[in-house]
Amino acid sequence: MEDWWYYSDHTFETGKSYGLISEYMQGCMYLSYLVGGKIPLEDGLEIYLDEQKTDEAGLNDISWNIEPYYEKYKDLVVRKSIEKALKRGFVSETFEQIAEAFVLTEPRYGRKLSQLSGERWRASAAIGYASGKKIFYGPYKSSNHYSSMNQLPEIIRFLTAHDCLVILPVGSDKYIKECVDECIFIQQKPV
């Protein structure tokens, strides 16, 4: 998908969740992927992390796209990946605690992320959390998509309670405003 964003200043804080609101292809997904470290910084664009200048590689190291479909980790197996990440000691929870927090279902523990549908984002976020990621972002989705996601508010609250940043780009604030701490309306440059 193509997207355009006219540079503007934004501040995001860990421990908070944001809905990035704009029309389709009008900047919200660009900004989401920029913060996620997926877009190279162009001349004049600066991003600071804890008051230190960073680049896309620095952001990418601590970020996790909760939509794994186009990511290299789309074929990770849910339980195996979480348990492997837990051995690295990024978080103190057990597999069972993470499975409960992210509302994972036991019959799907042995499936790849790419084989999941409604549970895919929850399982992906669980793997990212267990891997010590601090920024969770996603692609542009409609309000209807978010309204149909079971347990989305609970997952967002869990991540923000554990000092993570969650960014979700969407076309309107119709449903997302009930799930996130703040909505940011992305404005296009006036003609």
Specify the residue with the greatest mean-square fluctuation among 153, 169, 139, computed from a Gaussian network of the chain linking alpha-carbon atoms under 10 Å apart. 153
If you take the charge dipole of segment 121-191 about its Cα centre, with +1 on Lys and Arg Cβ and -1 on Asp and Glu Cβ, which of 125, 161, 139 is farthest toward its positive end? 139
Probe 1.4 Å, heavy atoms of protein chains only: per residue, the accessible area of the chain in Å² is 55
Would you compute, from DSSP H runs of 4+ residues alone, the mean residue ellipticity of the chain at 222 nm, taking -39500 (n - 2.57) per run and dividing by the full residue count, rounded to the nearest 500? -8500 deg cm²/dmol
Summing +1 for each Lys or Arg and -1 for each Asp or Glu, what net charge is found among the other residues whose Cβ lies under 14 Å from the Cβ of residue 96? -3
Of the residues 83, 13, 100, which exhibits the maximal mean-square fluctuation in a Gaussian network model of the chain defined by a 10 Å Cα contact cut-off? 100
Stick to Cα atoms and the Kirkwood definition of Rh, then tell me Rg/Rh for segment 58-102. 0.98
At a threshold of 8 angstrom on Cα-Cα distance, excluding pairs fewer than six apart, so keeping six or more, what relative contact order does segment 22-130 reach in percent? 27
Among 12, 102, 64, which residue has its Cα furthest toward the positive end of the charge dipole of segment 8-114, with +1 on Lys/Arg Cβ and -1 on Asp/Glu Cβ? 102
Taking alpha-carbon centroids only, segment 131-191 lies from segment 50-109 a number of Å equal to 17
Please list the three semi-axes, largest first and in whole Å, of the ellipsoid equivalent to the chain, using sqrt of 5 times the eigenvalues of its alpha carbon gyration tensor. 27, 19, 15
Aspartates and glutamates with Cα under 15 Å of residue 177, excluding same-chain neighbours fewer than 8 positions away: 154
About its Cα centre, how strong a charge dipole does the chain have in debye, to the nearest 20, once Lys and Arg get +1 and Asp and Glu get -1 at the Cβ? 880
Mean separation of Cα pairs under 8 Å and 6+ residues apart, divided by the residue count of segment 94-164: what relative contact order is that in percent? 35
What's the carbon and sulfur percent of segment 80-169's accessible surface, probe 1.4 angstrom, rounded to a whole number? 44
Of 124, 147, 172, which is the most mobile in a GNM of the chain whose springs link Cα atoms less than 10 angstrom apart? 147
Could you name the lysines whose alpha carbon sits less than 27 Å from that of residue 74, not counting residues in the same chain fewer than 8 places away? 16, 38, 84, 87, 112, 133, 134, 141
Debye sum, Cα scatterers, segment 32-87, no solvent: what log₁₀ I/I(0) at q = 0.18 1/Å? -0.71
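The values are calculated or read from the model by the stated rules, or taken from the named source; none is laboratory data. Everything numeric here is computed off the predicted structure, so don't read it as measured data. Methodologically, a virtual Cβ is constructed for each residue, glycine included, from the backbone with ideal geometry; neighbour enumeration extends over all protein chains shown. Accessible surface is based on the protein model in full, side chains and every heavy atom, while ligands, DNA and RNA are left aside. Shrake-Rupley method; radii C 1.70, N 1.55, O 1.52, S 1.80 Å.
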